[in-house]
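Below is one structure, written out as structure tokens; comments come after it.
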Amino acid sequence: MFKNYLKIAWRNLLRNKSFSVLNIVGLSIGLAVTTLIVIWVNFEIGMDQFHENKNRIYQVYNQHPVNGEIWTWNSTPKIMGPIIQEDYPEVESAVRLQEDSEFLFAQGDVRINGNGIITDPDFLKMFSFPLLEGSIETVLEDVNSVVITESFAKKMFGNVPAVGKIVKVDNTDSFTISGVLKDLPSSTAFEFDFLMPWAFLKQRGWDDKNWSNNSIATFVMLKKETNHAAFIKRIEGLRKVYDKDSPEMVTYLYPFTRSWLYSNFENGKEIGGRIDVIRMFGIIASIILIIACINFMNLSTARSEKRAKEVGVRKVVGARRLALVSQFLGESIFISFIAAVFALIFVIIGLPHFGALVEKPLSLDLTNVGFWISAFGVICFTGLLAGSYPALFLSGFKPSSVLKGTFIKSNAAVTPRKVLVVLQFSAAIILITSSMIVAQQLKKVQDRQTGYSKNNLVYTSIEGDVEKNYALIKEELLASGAATSITRTSSPITEGWSNTWGFEWQGKNEENKIIIQRFVADEDVSETLGVEIVEGRDLDLDMYPTDSTAVLINESAAALMNFDEPIGQIVKDNGIDWHIVGVAKDFVLESPFQKIDPMVIEGAKAWFNIIHIKLNTANSTSESLAKVESVFRKYNPEYPFEYEFVDQEYAQKFNDEKRTGQLVSLFTLLTIFISCLGLFGLASYMAENRIKEIGIRKVLGASVTSITTLLSKDFLKLVLIAIVLAVPISWYFMNNWLEDFAYRIKISWWIFVLAGVVALAIALITVSYQAIKAAIVNPIKSLRTE
């Protein structure tokens, strides 16, 4: 019987080639898109899930009431890890991570900058990063030992074994390579070239016991027999014992397994994070697959009359309805299988491009048995879902009616096919409006005035001999004509590395705990960075030596501090009395999607990490950079000269939203395309159902235009209904999305009008083909049709 069903299915495919192609194309696109999104979702869900002890690992967070809300953050004091391990027997180990630690590694003529982590010896016992060389028990025990990754070892030593080799770090300390790690998998959020022992940080004097300095990450691993819920409750009061200055601060343990997907907190509660994007595209994948299945239903039932007599004959000769349902479902699964083959080809071709779009190293393991089992299940599910309604519809024909050619075709106002088309176009319109709103929001933020000049501005880190030779470097760069101005800062102009609510000023409300950004610059802030001084003057150490303790405040800080005359006022920070010499126009330091925080720009008494260089536009960029590099190599020969363009770094702030917009636009186009296939199917059904009516109307003098209008208006009504349904839904979801941004657009009515017009135009073009085709048929031929 199965063989017979297969033969019938194959014959029907060949007999109705155009119908078969439309079905297979729609299903294959739906399956391919769903597969791509599922691969991406699985990659995100699988981040750091390979660690053997993952369910016993927690990251230490802080929670503190601030201005009526509970703030949650994951940076902790350096002293916290050892205290936890010492005071709580439930803890098997606690490790601290000083991440993004950059050092120059030198061995012979090889000099490479590496980015790594300074951590405690138990790091490799807590996290499952396998060693290729070295012992997990001892690799981080010695103060001058270092563990490097396999790829970093090859850069340093080629194919020569690395363990035991001596390297110079920052031209000061000698380290012995104690272990080589297998390169980190793509499924981890950790990024490092090396691991250094915490004892080295202590040796350098960077370890402190200040409970107010929340600057590192701390992880704890509980013993196997520990009651997690009870321990999490018990540790909440840790800071009350040790941190007398913050008695209200709560120590909060957050499961390591959730940290990648759920990173956002609001008023002390987890509210989501990356999981929101994953859910959104998971829903989109489901919608696209369902729309593809709806197409199959519409296209199958559109051909119902051509198979009506087949059903009637089979019933007359004794076929039961169950057998007919089985046959039609079998045909549907067979078509789903063919579509899956094409979908797999599309996935293999498209996966590298999709991976590049989402910026993830996605892969498909065709040797994985689980994949093929899942694929088989999806094929059967899709076939059953897509074929269920056509099977029940076709098998329900009465043989007496269909053999006489008098079976009744539904002319009801509401039919399943019409409902399905409305749902299809509702989904398409929601995606159209969503992509338009995302594009509008992105354009608004990209057009936002940054408050500083991004063009021809580069920055480089202060390392090696740069600090002691800074005056000579600056003088020579200006004299060479490569740069027009230079300034040192605490961080790049595109990033905020320090903030606090601890600033004090006269008249400050003690309950005020508003975060103020702490930025540091020595002089020439206005000239180099293009920041506008709206009151007072810029920092100038040459003319005003006391400017080492001078500050600029931005407009938001001036409004917060509420001075009648800010110039000359004192602001206290880190035990220093800073005097205000100027007010700078607000500029975007961190996210352009959020409001600008109050900011204090401290003078040279603070610290510097970065040099900003304004390139001379009289030269080509490459020529200026070559001169800059030669000067840095002259005064800092042991370090490679590395730099970043400020405009490029700023542009990266839009990557996530730009990627979201591109993905939504891509899936919108695919949804529209698949929906049009469904509409095409319903139009085909309509034309077939009303062929004699069209013939009679033409005999009575109806024009092609009037017949086309008659046949098209019903479909346009369906699209109008879809618009009515889609508008409030899309407004609700997109308004919720925009609430994440302080700097945002207002959703305009014209976006919904334009989306509706686009949907109507697409529907009209799709339906008109079938309508015109039916309208121009010779009426004699139409009236002869049975």
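So here's what we get for this one:
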{"item": "The lone exception for L472 - which of (1) in a loop (DSSP other than H, G, I, E, B); (2) at pLDDT 95 or above it fails", "result": "(1)"}
{"item": "Test: V91 is of a type in the set (V, I, T) and touching a strand residue (DSSP E or B) at 6+ places or on another chain (Cβ under 6 Å)", "result": "yes"}
{"item": "Residue within region 59-71 that is in a helix (DSSP H, G or I) and surrounded by fewer than 18 Cβ atoms within 10 Å (Cβ to Cβ) present", "result": "no"}
{"item": "Selected residue [modelled with pLDDT of 95 or more, aliphatic (A, V, I, L, M), more than 19 Å from I596 (Cα to Cα) and touching a strand residue (DSSP E or B) at 6+ places or on another chain (Cβ under 8 Å)] from I553, I486", "result": "I486"}
{"item": "Residues of region 549-579 classified as surrounded by 17 or more Cβ atoms within 10 Å (Cβ to Cβ) and of a type in the set (G, A, S), total", "result": "4"}
{"item": "Boolean, I611 is buried (at least 19 other Cβ atoms within 10 Å of the Cβ), in contact with a strand residue (DSSP E or B) (Cβ under 9 Å, 6 or more places away or on another chain) and within 30 Å of R111 (Cα to Cα)", "result": "yes"}
{"item": "Residue within region 96-106 that is in contact (Cβ under 8 Å) with a residue 60 or more places away in the chain, basic (K, R) and buried (at least 22 other Cβ atoms within 10 Å of the Cβ) present", "result": "yes"}
{"item": "Every residue from region 501-549 that is farther than 23 Å from E467 by Cβ, in contact (Cβ under 8 Å) with a residue 60 or more places away in the chain and charged (D, E, K, R)", "result": "E504, E511, K513, E532"}
{"item": "Test: residue in region 691-710 that is of a type in the set (G, A, S), assigned to a helix (DSSP H, G or I) and free of Cβ contacts under 8 Å to residues at least 12 places away in the same chain", "result": "yes"}
{"item": "I348 at pLDDT 75 or above, touching a Leu at 6+ places or on another chain (Cβ under 8 Å), surrounded by fewer than 16 Cβ atoms within 10 Å (Cβ to Cβ) and not aromatic (F, W, Y)", "result": "yes"}
{"item": "Conditions (1) in contact (Cβ under 8 Å) with a residue 60 or more places away in the chain; (2) in contact with a strand residue (DSSP E or B) (Cβ under 7 Å, 6 or more places away or on another chain); (3) closer than 20 Å to E52 by Cβ; (4) exposed (fewer than 14 other Cβ atoms within 10 Å of the Cβ): number failed by E248", "result": "(3)"}
{"item": "Top-ranked residue in region 746-777 [being more than 28 Å from the chain's Cα centre (by Cα) and not in a helix (DSSP H, G or I); ranked as surrounded by the most Cβ atoms within 10 Å (Cβ to Cβ)]", "result": "V777"}
{"item": "Single residue of region 713-730 satisfying the filter (free of Cβ contacts under 8 Å to residues at least 60 places away in the same chain and of a type outside the set (D, E, K, R)) that is surrounded by the fewest Cβ atoms within 10 Å (Cβ to Cβ)", "result": "P728"}
{"item": "Members of region 363-379 found to be in a helix (DSSP H, G or I), of a type in the set (A, V, I, L, M, F, W, C) and under 19 Å from P185 (Cβ atoms), listed by number", "result": "F371"}
{"item": "Boolean, S730 is more than 24 Å from M436 (Cα to Cα) and assigned to a helix (DSSP H, G or I)", "result": "no"}
{"item": "Any hit, region 632-654, residues being crowded, with 17+ Cβ neighbours inside 10 Å, among the acidic types (D, E) and more than 30 Å from L442 (Cα to Cα)", "result": "no"}
{"item": "Restricting region 592-645 to residues that are among the hydroxyl-bearing types (S, T, Y) and part of a loop (DSSP other than H, G, I, E, B), the residue that is modelled with the lowest pLDDT", "result": "Y639"}
{"item": "Boolean, A687 is part of a helix (DSSP H, G or I), among the small types (G, A, S) and in contact with a Ser or Thr (Cβ under 8 Å, 6 or more places away or on another chain)", "result": "no"}
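Condition check ((1) out of contact with any Pro (no Cβ under 6 Å at 6 or more places or on another chain); (2) at pLDDT 90 or above; (3) among the polar types (S, T, N, Q); (4) crowded, with 21+ Cβ neighbours inside 10 Å) across all residues:
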{"site": "P399", "(1), (2), (3), (4)": "yes, no, no, no"}
{"site": "K404", "(1), (2), (3), (4)": "yes, no, no, no"}
{"site": "F407", "(1), (2), (3), (4)": "yes, no, no, no"}
{"site": "N411", "(1), (2), (3), (4)": "yes, no, yes, no"}
{"site": "V414", "(1), (2), (3), (4)": "yes, no, no, no"}
{"site": "V419", "(1), (2), (3), (4)": "yes, no, no, no"}
{"site": "I429", "(1), (2), (3), (4)": "yes, yes, no, yes"}
{"site": "I432", "(1), (2), (3), (4)": "yes, yes, no, yes"}
{"site": "I437", "(1), (2), (3), (4)": "yes, yes, no, yes"}
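So that you can scan it fast, the table gives a plain yes or no per residue for (1) in the same structural domain as L140 (by TED's automatic domain parsing); (2) crowded, with 20+ Cβ neighbours inside 10 Å; (3) closer than 29 Å to F503 by Cβ; (4) in contact with a Lys or Arg (Cβ under 9 Å, 6 or more places away or on another chain):
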{"position": "W211", "(1), (2), (3), (4)": "yes, no, yes, yes"}
{"position": "F219", "(1), (2), (3), (4)": "yes, yes, no, yes"}
{"position": "L222", "(1), (2), (3), (4)": "yes, yes, no, yes"}
{"position": "A229", "(1), (2), (3), (4)": "yes, no, no, no"}
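The values are calculated or read from the model by the stated rules, or taken from the named source; none is laboratory data. Treat the numbers as computed from the prediction; the structure is a model and nothing was measured. No Cβ is skipped: glycine too gets one built from the backbone with ideal geometry, and neighbour counts run over all protein chains shown.
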